[in-house]
Amino acid sequence: MPLGQFLFFLYNRAVQKLRSQSDSVFRTAHSARFIYTKYRQKTFTMQGKTKHKETNEQPLEMLPIIGAEEIPVKNRPILFRLTRRFLLFLVAMLSVNVLFFIVGNYQNFLFSDLKLLLFLITCNSIAIVFIGFFLILECIFYSIIQRKLFFIIALVVVTVLCLIAGLLGIFSEVISILSNGYKF
């Protein structure tokens with residue numbers, strides 16, 4: 001494949017990726033377009049040609065220029081992104097704590113360590129339910145305002161995560177109460 005065709009292919013590929021949301025691809029597409037333009041100018045001036053090949057190839061100048069209005073920008077509000085990232089961090093911490101508790105039971109950790117892990121699981125679950133509640137409110141608000149499917153999907157995912165975290169928190173607290181012994 002000649003260099004010109006490869007650069008043209010790269011440009012078209014970058015435009016396709018750009019339309020499917022990526023800011024870094026925007027720069028790649030424009031740099032590929034610039035390189036391809038310079039290559040075509042150099043090739044045609046060396047050969048003394050002023051027209052493009054006889055094939056039905058569209059001249060580069062007639063290719064659609066990607067302006068800022070065509071760039072699909074992720075218009076997700078900053079509060080939504082921060083809340084979602086914090087919730088994902090808490091879910092990751094909860095899963096690590098549950099994993100440590102399971103492995104600790106298998107490897108016979110000290111009782112005090114297991115109680116600490118149960119306490120951390122309970123605290124993480126409460127935090128996830130608390131932050132998840134606000135994220136659910138944000139998802140409802142932004143799905144009404146922006147009318148995007150993304151926020152509805154995020155609403156369902158966050159609701160499921162909150163339910164699972166709540167059940168894990170209740171389960172860990174029950175285990176903690178039972179491990180202390182029930183006294184009348």
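Quick note: the coordinates plus some simple rules give every number you see, no bench work behind them. Keep in mind it's a predicted model, so treat the numbers as computed, not measured. So basically every Cβ, Gly included, is an ideal-geometry build from the backbone, and we count neighbours across all protein chains shown.
Backbone phi angles across segment 110-120, fed through the Karplus curve with coefficients 6.51, -1.76 and 1.60 (θ = phi - 60°), yield HN-Hα couplings of 5, 4, 5, 5, 5, 5, 5, 5, 5, 5, 5 Hz in residue order; Gly and Pro are listed as x. Which chymotrypsin sites (Phe, Trp or Tyr not before Pro) in segment 84-113 pass both tests, a DSSP loop state and at most 16 other beta-carbon atoms within 10 Å? Passing sites in segment 84-113 are Phe109. Our coupling estimate for segment 174-181, obtained by passing each phi through the Karplus curve with A = 6.51, B = -1.76, C = 1.60 and θ = phi - 60°, is 5, 4, 5, 5, 5, 6, 6, x Hz, Gly and Pro reported as x. Run through segment 125-182 and list the chymotrypsin sites (Phe, Trp or Tyr not before Pro) located in a DSSP loop whose Cβ has at most 14 other Cβ atoms within 10 Å. Taking segment 125-182 and a limit of 14 other Cβ atoms within 10 Å, the loop chymotrypsin sites (Phe, Trp or Tyr not before Pro) found are Tyr182.
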